[in-house]
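Enquirer: Please read through the structure below; I'll follow up with questions.
The values are calculated or read from the model by the stated rules, or taken from the named source; none is laboratory data. The shown structure was predicted, so the numbers you read here are calculated from the model rather than taken from an experiment. Every residue, glycine among them, receives a Cβ derived from its backbone with ideal geometry; neighbour counts consider all protein chains shown.
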Amino acid sequence: MKLASREVIIRTAEKSNIPWREMTKKVLESDVYEVFERIRDPNIVYPDYYLSPFHAYDEGNLSWLAAAEAEAATLSIAKRAIPEATSIEEANKIVRGNWMNAIEEHHLKYSGENCQINDILDIGCSVGVSTRYLAERFPSAKAVGLDLSPYFLAVAAQKEEQLSRQNPIRWVHANGEATGLPPNSFDVVSLAYVVISIIS
Ligand SMILES: C[S@@+](CC[C@H](N)C(=O)[O-])C[C@H]1O[C@@H](n2cnc3c(N)ncnc32)[C@H](O)[C@@H]1O
């Protein structure tokens with residue numbers, strides 16, 4: 001059943017022009033494993049919920065397959081959220097654009113025009129899609145992507161190493177509930193698709 005639904009998800013994404021299998025293969029055949037060794041905090045203690053199977057992965061987010069498929073999965077979510085969009089690119093532009101506009105409006109309202117965004121923390125950055133959007137929208141800021149999965153972070157960092165950016169993104173393997181980062185050190189803290197609320 002799990003295998004069958006996986007196949008449906010992959011085929012649906014590929015029909016929307018997301019080269020799911022190709023993207024996955026590219027990650028799995030890259031030097032991401034070396035980056036993993038540099039980025040991983042071996043002393044991290046994972047919360048229990050993080051060690052449970054999640055999505056279609058027995059090891060949840062702590063696996064290479066989950067990390068290699070994460071970007072394709074992220075792209076396809078936007079298309080499902082905005083079915084009227086004519087392409088994946090358009091759907092992502094709408095979803096991410098709305099989120100970025102909300103950040104800018106909030107910052108303007110509460111911090112004022114003269115307060116610049118210099119430091120950004122993206123908690124639950126996964127493979128870095130949201131962090132890259134933030135870094136591109138605020139190029140003069142220093143962005144940090146933080147996640148509990150060293151596999152996801154390795155994919156994010158490996159991709160970032162191939163880009164040349166004025167302020168390269170820094171990747172931190174930590175728990176967003178207790179980051180260990182200095183207090184009051186960020187102008188914007190973002191959690192995109194991380195927190196869910198359950199209404200009963
Ligand atoms: C759906 S993904 C977020 C995607 C990403 N922010 C984006 O917009 O593309 C949720 C992420 O939250 C991370 N996460 C879950 N609990 C966390 C915690 N306590 N601390 C840090 N990251 C956590 C997961 O590893 C996963 O990468």
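Enquirer: Between a residue in region 144-160 that is touching a residue at least 40 places away in the same chain (Cβ under 8 Å) and over 16 Å from L121 (Cα atoms) and any residue that is surrounded by fewer than 23 Cβ atoms within 10 Å (Cβ to Cβ) and of a type in the set (F, W, Y), which pairs come within a Cβ distance under 7 Å, given they are 6 or more apart or on different chains?
Expert: Within 7 Å, the pairs are P150/F36; Y151/F36; Y151/W64; A154/F36.
Enquirer: Another one. Consider only pairs whose beta carbons are under 7 Å apart and that are at least six residues apart or on different chains; among these, list those whose first residue lies in region 161-180 and is over 13 Å from T131 (Cβ atoms) and touching a residue at least 12 places away in the same chain (Cβ under 8 Å) and whose second residue is aromatic (F, W, Y) and within 9 Å of the ligand (Cβ to nearest atom).
Expert: none
Enquirer: If you don't mind, another one. Could you give every pair whose Cβ atoms fall below 8 Å, whose first residue belongs to region 48-76 and is farther than 30 Å from E90 by Cβ and part of a helix (DSSP H, G or I), and whose second residue is within 11 Å of the ligand (Cβ to nearest atom) and among the aromatic types (F, W, Y), counting only separations of at least 6 or pairs across chains?
Expert: W64/Y151
Enquirer: Does S130 fit the bill of being of a type in the set (S, T, N, Q), within 16 Å of the ligand (Cβ to nearest atom) and more than 19 Å from W99 (Cβ to Cβ)?
Expert: Considered against the rule, which asks whether it is of a type in the set (S, T, N, Q), within 16 Å of the ligand (Cβ to nearest atom) and more than 19 Å from W99 (Cβ to Cβ), S130 comes out as no.
Table: residues versus (1) hydrophobic (A, V, I, L, M, F, W, C); (2) touching a Cys at 6+ places or on another chain (Cβ under 7 Å); (3) over 26 Å from S149 (Cα atoms); (4) modelled with pLDDT of 95 or more.
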| position | (1), (2), (3), (4) |
| --- | --- |
| I82 | yes, no, yes, no |
| T86 | no, no, yes, no |
| N92 | no, no, no, no |
| H106 | no, no, yes, no |
| Y110 | no, no, yes, no |
| E113 | no, no, yes, no |
| Q116 | no, no, yes, no |
| I123 | yes, no, no, yes |
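Enquirer: Regarding D187, is this residue touching a residue at least 60 places away in the same chain (Cβ under 8 Å) and more than 22 Å from F54 (Cα to Cα)?
Expert: When the stated conditions are applied, D187 passes them.
Enquirer: Scan region 64-81 residue by residue and report those that are crowded, with 17+ Cβ neighbours inside 10 Å and more than 11 Å from the ligand (Cβ to nearest atom).
Expert: Residues satisfying the conditions are W64, A68, E69, A72, S76, K79.
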